[in-house]
Every structure is written in C-alpha cells, then in structure tokens.
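Below is one structure, written out as structure tokens; comments come after it.
The values are calculated or read from the model by the stated rules, or taken from the named source; none is laboratory data. The shown structure was predicted, so the numbers you read here are calculated from the model rather than taken from an experiment. Cβ atoms come from the backbone with ideal geometry, glycine included; neighbour counts cover every protein chain shown.
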C-alpha cells in the first residue's frame, strides 16, 4: 500500500500540522526584505518609512517579535515583552525588532494597524519597528497566520530560539536566559 497519498491527504486536511516555519536553530536567519512600507522611522514629529532587510539585524543580540496585524497577536506574547523590559538589557548590545504583518489584519482594519504602529513608534522611539504591508517576512519565513512568533538571534543573526504562538512561562525564562548568555 502506497502511504504517500494518505500523507498528502492528511497534510491537506490538517494544514496546521503540515505548515512549518523555515527558521532553524543554529542557522542564520533567512533573508527577508520589506519594500512596501518597511522600517518605521521618526523625522522630527513626522513618520517616515524606509526599505528594510534582515541584513540590518547583525551586531546586536535581538528578539524579533513577528506578529499578525491583530491586537490578539500583539497580546499573545505581551508577557515576553514585559520580561524583556524588566530585564533592562543594554541598548548597545540588545534590540527588540517588531515586524507587523499588515496583510494579516482583520478586513478593513489595515489603516488602523498602520496608525497604531506609527503611534507605538512615537511612544517608543528607540524601538525597531517594521510594518510589512504585503506580509513578505511572514511569507518568506512561512509563519502561521493570526499569530505571534518570538525569535532570539545572536549578534551574528543566527537563530537561537524560535516559537510560534504564546510562550509558556518556562519558554519566556529560556528565551531571557539565552539573551543574557549572549550579552
């Protein structure tokens, strides 16, 4: 009996099981580029956008929070973001980069997602924020829709930790300890 058709049928019926991100522990972060919107920058009180690429990430230990443009995705790993803030990592060695997939927002809310990201940049001017209008990063890395991914990188942009969905308290502790070990 040929098992391939059964496996293919199961993969089609259970996409959550068959879909897996392309991020591998111990490997460089796969190259991704955002040209539609991109990195949010401040010029005085004005917001500007510039093209963004993963090649800009080297030189610091980083946590990438890649989220769908939905409040539920942002809230999913709020505890992790609070733990990072509480840890007080040195800015010269550490940076959080939030990548917001505007393409994965509730229909009709794309403008709200954009203005909310811009407001967050104004409030947290030191933060690194990328607005991905077309979902290029999520597509390149094959991330889950309507979710949040936490990725810890060393200063050479090698993946040390990756988890899609809500992190448990043990996973938060593991990620924070990994960051500390790299500083």
* **Search result, residues across the stretch 137-158 that are outside any loop (DSSP other than H, G, I, E, B) and surrounded by 19 or more Cβ atoms within 10 Å (Cβ to Cβ)** => 137, 138, 141, 148, 149, 150, 151, 152, 153
* Structure fact -> Those residues of the stretch 120-132 that are more than 15 Å from the chain's Cα centre (by Cα) and either in a helix (DSSP H, G or I) or buried (at least 16 other Cβ atoms within 10 Å of the Cβ) (or both) come to a total of 4
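Could you go through the stretch 104-119 and let me know if any residue there is under 12 Å from the mean Cα position of the chain (by Cα) and under 26 Å from residue 25 (Cβ atoms).
No, the stretch 104-119 contains no residue that is under 12 Å from the mean Cα position of the chain (by Cα) and under 26 Å from residue 25 (Cβ atoms).
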* Structure fact -> If we ask which residues in the stretch 79-112 are without any contact (Cβ under 8 Å) to a residue 60 or more places away in the chain, in contact with a strand residue (DSSP E or B) (Cβ under 8 Å, 6 or more places away or on another chain) and either over 16 Å from residue 127 (Cβ atoms) or exposed (fewer than 11 other Cβ atoms within 10 Å of the Cβ) (or both), their number turns out to be 4
* To do: Among the residues of the stretch 169-183, count how many are more than 20 Å from residue 88 (Cβ to Cβ) and in contact with a helix residue (DSSP H, G or I) (Cβ under 9 Å, 6 or more places away or on another chain).
  => 1
* To do: Return a yes/no flag: does the stretch 5-16 have any residue that is modelled with pLDDT of 95 or more and not in a strand (DSSP E or B).
  => no
* **Odd one out for residue 170 among (1) at pLDDT below 95; (2) part of a helix (DSSP H, G or I)** => (1)
* Within the stretch 34-52, can you find the residues that are more than 18 Å from residue 113 (Cα to Cα) and more than 16 Å from the chain's Cα centre (by Cα)? -> 43, 44, 45, 51
* **Elements of type strands (runs of 3 or more DSSP E) in the stretch 28-78, at least 2 residues being touching a strand residue (DSSP E or B) at 6+ places or on another chain (Cβ under 7 Å), buried (at least 19 other Cβ atoms within 10 Å of the Cβ) and touching a residue at least 12 places away in the same chain (Cβ under 8 Å)** => 33-43, 61-68
